[in-house]
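Everything below concerns the one structure shown next.
Readers should treat all values here as calculations from the given coordinates under stated rules, not as data from a laboratory. Given the structure is predicted, the values throughout are model-derived calculations rather than measurements.
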Amino acid sequence: MRSSAIALVFLLVGCGSAGTASLPTITPDATSSSSSPLPELQPRLDAIGVLLTACIPRLRGEPVDNVDNCAHLMPDVKGVIDEVEKQTAKLPPNGRAAVEQVRKALTDIKPCEPWFAAGGSSADGQLNARCGKAWDELFKGFTTLRNAA
């Protein structure tokens, strides 16, 4: 399932890349890629970063199909965070803090399935605010973690 989801993301990103040049992406800092403390996890971290980045256009108010629902990505995010957490001693302090930030964001984002399915918006303003904040924290924390790893 994961490999087909990754392939789908590459297809979606490739098809929609013309108008998305200004979107934030999760990519390693130029200075961090040569001396990674977790080189064996780099491919998985990069793949999750691509998938999270692909969710951004979907969270601009357009409803998405269930198969494209970005909430389905959360088990993959949790899985890679579980692997990183086993090796947190190798990470710099900002990377260790980012693991906790991503964990908290994953907890906060659990009730957001309807929000994701509706394209990042709902009629409930509180849900929009809560899920939007959780999404921002997840994206920011994963970006920090990816760059620290």
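Things to note:
- Taking each residue as 0.36 nm, the span from E100 to A123 lengthens on full extension beyond its C-alpha to C-alpha distance by 5.2 nm.
- Average silhouette area of region 31-149, convex hull of alpha-carbon atoms, in square nanometres: 7.0 nm²
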